[in-house]
Amino acid sequence: MALIQPQKRKEPAKYRIEIDGEVGTEIASYQEYAGFDDNSLFFEAAAKHVLEKDKGFAKWKKDKKKENKSGAESVPRSEPPVTAAVPAQAGL
């Protein structure tokens with residue numbers, strides 16, 4: 001059984017990414033195995049999996065929330081998020 005499953009998006013955001021060709025080939029194989037017919041759904045599911053499982057990130061996020069509640073100012077992003085479509089894999 002696949003670790004991640006396709007799910008519908010609530011509010012899509014666009015990102016442009018570039019990955020190693022061999023990784024792209026493996027991703028295409030995994031998408032076929034797990035039933036992903038959309039690159040975006042795969043990357044979203046993979047990101048959710050990492051975000052849910054990374055205990056260090058969960059702690060950092062909790063600490064950051066405490067900082068914000070205590071009145072500490074958060075540092076604004078120096079760069080806007082990258083936006084663009086992800087190119088489709090051949091055959092998907």
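The values are calculated or read from the model by the stated rules, or taken from the named source; none is laboratory data. Every value quoted in this text rests on a predicted model; they were computed, and no experiment measured them. Virtual Cβ from ideal backbone geometry, glycine too; neighbours counted across all protein chains shown. Areas reflect the complete protein model, heavy atoms only, side chains present, ligands, DNA and RNA absent. Shrake-Rupley method; radii C 1.70, N 1.55, O 1.52, S 1.80 Å.
The listed residues are 34, 46, and the only one of them that is surrounded by 10 or more Cβ atoms within 10 Å (Cβ to Cβ), aliphatic (A, V, I, L, M) and touching a residue at least 40 places away in the same chain (Cβ under 8 Å) turns out to be 46. Counting the residues of the range 1-22 that are within 20 Å of residue 51 (Cα to Cα) and either open to solvent by less than 100 Å² (accessible area, probe 1.4 Å) or part of a helix (DSSP H, G or I) (or both) gives 9. Scanning the range 32-45 for residues that are under 15 Å from the mean Cα position of the chain (by Cα) and part of a helix (DSSP H, G or I) turns up 39, 40, 41, 42, 43, 44, 45.
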